[in-house]
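The structure appears below as structure tokens.
The values are calculated or read from the model by the stated rules, or taken from the named source; none is laboratory data. Every value quoted in this text rests on a predicted model; they were computed, and no experiment measured them. Ideal geometry is used to build each Cβ from the backbone, glycine not excepted, and the neighbour counts take in all protein chains shown. Remember, those area values only see protein heavy atoms, side chains included, never the ligands or the DNA or RNA. Shrake-Rupley method; radii C 1.70, N 1.55, O 1.52, S 1.80 Å.
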Amino acid sequence: MLILHDYFRSSACYRVRIAMQLKELNYQLIPIHLVNNGGEQFSADYLKINPHSLVPTLTHDNKTITQSLAIIEYLDETFPTSPLLPKDPYLKSLVRAFSLSIAADLHPLNNLRVLSYLTNQLKITEEQKNIWYQHWMTKGLTGLEKQLAALNTTTPFCFGDKPTMADICLVPQMYNARRFACDLTNYPALVRIDQNCRQLPAFQAASPEQVKEEIL
């Protein structure tokens, strides 16, 4: 049994949900609300599962896996149908690099605990917080757009005709960019790929709106 500890709006959780939907895996979703009651990720019960007090956490056959990209690669190796990483070593490295540019470089600067620290401890204004968010989003998306432009490709997805882990990471980040009113004019390739992905049932089923509706 696959059990995903999840927050509907978390980008990292969103990635894992997309991966599961693309692979058509059955799983149980356990909501961990990152805001209610001071943050359910800090509860004693959840800290026993994930001592970093972060989501997502996947449990499978008495094994616990944390970190979204580690979870996605675990799923890809455990359930090889509909692979999310290419077999070619070079292409696989490109997909991983693109994914890590989002998951390790861009997203951590703008995630909930950083934004909460900026507003609660450093006492910055809402306007200053949005400036921070949009600055780092612009830096990250500009690099991703240039990375794809260098490949000179017009494939429907980041690295070919099927979604990979790169697309799985891109879509939640574009969701966040729209949520924080970031200007996407300068990212035509990213916008095109994001639109292509969001037309697929797997991406639609994993969307925050769909998951929130199911929980409620």
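With helices as the sole contributors, the chain gives -16500 deg cm²/dmol at 222 nm; each DSSP H run of n ≥ 4 counts as -39500 (n - 2.57), and the sum is divided by every residue. Basic side chains Lys and Arg get +1 at the Cβ, acidic Asp and Glu get -1 at the Cβ, and with that the dipole of the chain about its Cα centre reaches some 320 debye. The candidate values were [x] 26, 24, 15; [y] 50, 29, 18; [z] 24, 22, 18; the one computed from these coordinates for semi-axes √(5λ) of the Cα gyration tensor in Å carries the label [x]. Taking trypsin sites (Lys or Arg not before Pro) in DSSP loop conformation with at most 11 other Cβ atoms inside 10 Å as exposed sites, the chain has its longest uninterrupted site-free stretch at 124-216. With all protein chains kept in place, the per residue accessible area of the range 60-216 amounts to 55 square angstrom at a probe of 1.4 angstrom.
Across F79, F203, F157, mean-square fluctuation computed from a Gaussian network of the chain (C-alpha pairs under 10 Å connected) peaks at F79. List residues of the range 80-115, by number, whose backbone nitrogen lies under 19 Å from a label position 7 Å along Cα→C-beta of T64. What the label zone holds, given the 19 Å backbone N cut-off, is no residue at all. Bridgeable lysines around K63 (alpha carbons under 27 Å apart, same-chain partners fewer than 8 residues away excluded): K23, K48, K87, K92, K212.
Residues considered: Q67, Q21, Q199. Largest GNM mean-square fluctuation over the chain, using C-alpha springs under 10 Å, is found at Q199. Here the chain exposes an accessible surface that is 53 percent carbon and sulfur, computed with a 1.4 Å probe and the other protein chains kept in place. In this structure the amide hydrogen of T164, modeled in the peptide plane, comes within under 5 Å of the amide hydrogens of C158, F159, none closer than 5 places in sequence on its chain. Between I193, V55, A97, the Cα set farthest toward the positive side of the dipole of the chain (charges on each charged residue's Cβ, about the Cα centre) is that of A97. What residues qualify as long-range amide H neighbours of T57, i.e. H under 5 Å apart, gap of 5 or more or another chain, H built at 1.01 Å from N? Under 5 Å from the amide H of T57: H5. Across E77, E209, the residue with the most accessible area heads the list, and the full order at a 1.4 Å probe is E77, E209.
For the chain, a Gaussian network of Cα nodes joined below 10 Å ranks V171, V95, V114 by mean-square fluctuation, and the top entry is V114.
Computed about the Cα centre, the dipole magnitude for the range 32-96 is approximately 140 debye when only Lys and Arg (+1) and Asp and Glu (-1) carry charge, each at its Cβ.
Within the same chain, lysines fewer than 8 places from K129 are excluded, and of the rest, those with a Cα less than 17 Å from its Cα are K139.
Net charge of the neighbourhood of S99, taken over other residues with C-beta under 11 Å away and scored Lys/Arg +1, Asp/Glu -1, is 0. Sorting L25, L54 on solvent-accessible area from highest to lowest, probe radius 1.4 Å, gives L54, L25. If only the Cβ of Lys and Arg carry +1 and only the Cβ of Asp and Glu carry -1, the dipole of the range 89-216 around its Cα centre is close to 260 debye. Taken along the Cα-to-beta-carbon direction at a fixed 7 Å, the label points for F180 and Q199 span 2.9 nm. Take the Cα of N130, step 7 Å toward its Cβ, do the same at Q147, and the gap between the two points is 2.8 nm. Please work out the C-alpha center-to-center distance from the range 173-198 to the range 92-153 and express it in whole Å. What the calculation gives is 13 Å, centre to centre.
Label positions at K92 and A44, each projected 7 Å from the Cα along the C-beta direction, are separated by 4.4 nm. Available extension along the chain between T154 and T78 is 24.3 nm, counting 0.36 nm per residue and deducting the alpha carbon span.
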